[in-house]
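Data block below; observations after.
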Amino acid sequence: MTAMTATVNAAGLRRDAATERRFFLSLALPSLVIVGIGAILPLFWILQQSLATARGDITLVNYTALLTNGLTWRSLLVTLELSGGTLLCCLVLGIPLAFLLASTSPRTASRLMVLVLLPLWTSILVRTYGWLVILRRDGLINDLLVGSGLVSEPVPLVYNFTGTLIGMVHYMLPIFVLPTYAAMRDIDGNVIRAAASMGASLWHCFRTVILPLAFGGIASGSVIVFVYTLGFFITPAILGGGRISPIAIRIDRTLSTLQDWGGAAAFGVFLLLIVAVLGVTALGAARLIRSKPAAD
Amino acid sequence: MASPRIALERVRKVYGRHVALDDVSVDVRPGEFLTLLGPSGSGKTTLLMAIAGFVRPEAGLIRIGEADVTRLPVNKRDIGIVFQNYALFPHMSVLGNVEYPLLLRRLPRAEARERARAALARTQLEGYEARDIAALSGGQRQRVALARAVVFEPRVLLMDEPLSALDKNLREQMQFEIRKLQQDLAITTIYVTHDQREALTMSDRIAVMNGGRIEQLDAPQPVYQRPRTRFVANFMGESNIMPAALVEPLGSAPPLDGTLVIRAENFALERDAAGGDGIAIKGRVAAYAFRGETWHLRLKVEGERELLLSIPSGKSLDQAGITIGQQLTAYAAARHIHRLDGGPEP
């Protein structure tokens, strides 16, 4: 009797479970097809381009040319400086902003959220040219600075590193704030109240409770910002004014000026490898920090 | 240092048009366990949070000892708080949680560890120091929260429905543990709950709250047996509130007037079992239920009024049985009849 009850209808139920599993896997199919055709296949094509000569032989000549060119390393340095700078500014500006959003009432937070998201809804070209108007020699800021007598000469704010950085931070800030805000909003308000009741100042509470608990959100926001900005093109192209040449700009130049498809492809693979290495390092570091005993 | 008194004077808090605290004044004695008891929305949690410093009142004075703390920020008030959902730091171990307030006060690490261990021993959590918060049961989390709230020897202790998430048996056990800890430390404590049994079990005094006011402030027994208002009578267990005209005085009992309160468990179905002369009411059984230690009866009496009766089981009723519509007479002794002062008839 008991032996029977254990297997009653088991085969049918197992079949139902399998059907259900197949259905949920099939939901991912359209995106798998698109990613496959749109991203994975071109990647192989680029890899092939970077390794092939005009006659079709396999060669590393594109890579040796790339790695022995001083401009490559200079553009890598500029890229890392821009990404690091953007990340730093996002941390400094974004963490307090996310904290503010997370600590106001849901009503106020959703209103402020619209302001945060507004830049995301505007075309990057429009925003970047907007910054040009504000930052250039006879732009809004320099008019104010010179007009008020604070400086005698217009400050160079655009067509340089500063301008590029401002544009990039503006673009990335909402993207950084979203995961950070989500992590902070999930912190139980009573936990923060408990810390305060035990005598913690807001700053101490922020350092010992809020930051560690929001670490996951801040880390993923940071990785997104850093990795995303490694391939930035439009902002440095417009606000850098030809003086700032991160990797994306150099790839474009290799293609449009030198018509060197092999070289550009090799550069692309080079960038991809850097992203991969940095991504893996960041993930590893995050895991290391999280597994550290937190009591101390 | 002895735990100080807490004195509130005309504390007022308004949310929009809703008056959460309607000029509440109360004086909590040094070392006393005072419970704020009331339904949700009665203002009990708002009052506790105002004392803690998380709610800024519109007006009023809050004193701890002689010091006016009304405008003092939370982290300067030196108050231990146990929250409803424990509010433990999920990223720290048990020991880390309990050490937190001590390290905050810049105690040497060894001394902090020592005192945290002692506090954990007090709450029966020896051997749990290295555990993750996520690996603890609800009762254990409650004990950590308790240890953390008292380890830094705060001047007073506030608790906001700390047992509401626990199951019944554990809740009853924790009631005694918390009460014992509070008495051992002799710390002035304000405790919020909506559970009248919990309030009766634990408190020196109970403040029954309703609509942002304290309706009655008394020791458990008077609150239960001699409710001062209709609300308190209704809120504390099963009570019957009725005009005196409805009942029939028996024997040597004096005539009655006004509004009467008789608890469900003070009725008997035989005149002898009521424990003395008093009143009688006739009615028909409208509904009944067996509740283990008691039979629960709804008696329909004159004027569509319903009477709640709670009759001990294991006695004559078990044998005789009950049927719907059955005619019964309920008796209550004079000493169990409480007269409400004033107030209109229901």
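Where in segment B:130-224 are there strands (runs of 3 or more DSSP E), lying wholly inside it, with at least 2 residues that are closer than 30 Å to B:Gly96 by Cα and in the same structural domain as B:Ile64 (by TED's automatic domain parsing)?
Numbers: elements: B:156-160, B:188-193, B:205-210, B:213-218.
By residue number, B:156-160, B:188-193.
In segment B:221-242, how many residues are within 15 Å of the chain's Cα centre (by Cα) and surrounded by 19 or more Cβ atoms within 10 Å (Cβ to Cβ)?
Residues in segment B:221-242 being within 15 Å of the chain's Cα centre (by Cα) and surrounded by 19 or more Cβ atoms within 10 Å (Cβ to Cβ): 8 in total.
Does A:Phe267 qualify as being under 25 Å from A:Val158 (Cβ atoms), away from every other protein chain (no Cβ under 14 Å), buried (at least 19 other Cβ atoms within 10 Å of the Cβ) and in contact (Cβ under 8 Å) with a residue 60 or more places away in the chain?
Numbers: under 25 Å from A:Val158 (Cβ atoms): no; away from every other protein chain (no Cβ under 14 Å): yes; buried (at least 19 other Cβ atoms within 10 Å of the Cβ): yes; in contact (Cβ under 8 Å) with a residue 60 or more places away in the chain: yes.
Criteria not met by A:Phe267.
Going residue by residue through segment B:294-304, is there one that turns out to be surrounded by fewer than 17 Cβ atoms within 10 Å (Cβ to Cβ), of a type in the set (Asp, Glu) and over 14 Å from B:His338 (Cβ atoms)?
yes
Answer yes if at least one residue in segment B:282-289 is crowded, with 17+ Cβ neighbours inside 10 Å, within 16 Å of B:Leu246 (Cβ to Cβ), in contact with a strand residue (DSSP E or B) (Cβ under 9 Å, 6 or more places away or on another chain) and at pLDDT 90 or above, and no otherwise.
yes
Out of A:Leu82, A:Leu25, which single residue is assigned by TED's automatic domain parsing to the domain that holds A:His170, surrounded by 10 or more Cβ atoms within 10 Å (Cβ to Cβ) and of a type outside the set (Gly, Ala, Ser)?
Numbers: A:Leu25 fails: assigned by TED's automatic domain parsing to the domain that holds A:His170.
Result of the check over A:Leu82, A:Leu25: A:Leu82.
I'm checking my understanding of the structure. Among residues of segment B:154-176 that are in contact (Cβ under 8 Å) with a residue 40 or more places away in the chain and surrounded by fewer than 17 Cβ atoms within 10 Å (Cβ to Cβ), which one is farthest from B:Ala52 (Cα to Cα)? Don't jump to the end; show me each part of the working.
First pass over segment B:154-176, keeping only residues in contact (Cβ under 8 Å) with a residue 40 or more places away in the chain: B:154-162, B:164-165.
From the residues that got through so far, the ones that are surrounded by fewer than 17 Cβ atoms within 10 Å (Cβ to Cβ) too are B:164-165.
On the way: B:Ser164: 20, B:Ala165: 22 Å.
Within segment B:154-176, the match that is farthest from B:Ala52 (Cα to Cα) is B:Ala165.
Please go through segment A:104-134 and pick out each residue that is free of Cβ contacts under 8 Å to residues at least 24 places away in the same chain and either of a type in the set (S, T, N, Q) or not assigned by TED's automatic domain parsing to the domain that holds A:Cys205 (or both).
A:Thr104, A:Ser105, A:Thr108, A:Ser110, A:Thr122, A:Ser123, listed by residue number.
If you go through segment A:202-260, how many residues are under 14 Å from the mean Cα position of the chain (by Cα), buried (at least 21 other Cβ atoms within 10 Å of the Cβ) and not in a helix (DSSP H, G or I)?
Qualifying residue count, segment A:202-260: 1.
Under 8 Å between Cβ atoms, at least 6 apart or on separate chains: pull out the pairs that start in segment A:135-147 with a residue that is under 13 Å from A:Gly241 (Cβ atoms) and end on any residue that is part of a helix (DSSP H, G or I).
Qualifying pairs under 8 Å: A:Leu135/A:Ile141; A:Leu135/A:Asn142; A:Leu135/A:Gly163; A:Leu135/A:Ile166; A:Leu135/A:Leu239; A:Arg136/A:Asn142.
This table checks each residue for (1) surrounded by 21 or more Cβ atoms within 10 Å (Cβ to Cβ); (2) in a loop (DSSP other than H, G, I, E, B); (3) among the basic types (Lys, Arg); (4) facing chain A (nearest Cβ under 7 Å).
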| position | (1), (2), (3), (4) |
| --- | --- |
| B:Tyr86 | yes, yes, no, no |
| B:Gly96 | yes, no, no, yes |
| B:Pro101 | yes, no, no, yes |
| B:Glu111 | no, no, no, no |
| B:Arg115 | no, no, yes, no |
| B:Ala118 | no, no, no, no |
| B:Ala121 | no, no, no, no |
| B:Glu126 | no, yes, no, no |
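Would you check which residues across segment B:55-79 are within 13 Å of chain A (Cβ to nearest Cβ), surrounded by fewer than 17 Cβ atoms within 10 Å (Cβ to Cβ) and either in a loop (DSSP other than H, G, I, E, B) or in contact (Cβ under 8 Å) with a residue 60 or more places away in the chain (or both) and list them?
Within segment B:55-79, B:Leu72, B:Pro73 qualify.
Which count do you get for residues in segment B:80-102 that are free of Cβ contacts under 8 Å to residues at least 24 places away in the same chain and within 28 Å of the chain's Cα centre (by Cα)?
So the answer is 0.
The values are calculated or read from the model by the stated rules, or taken from the named source; none is laboratory data. Being a predicted model, the structure only gives us computed values, none of them experimental. Every residue, glycine as well, gets a Cβ built from its backbone with ideal geometry; the counts of neighbours run over all protein chains shown.
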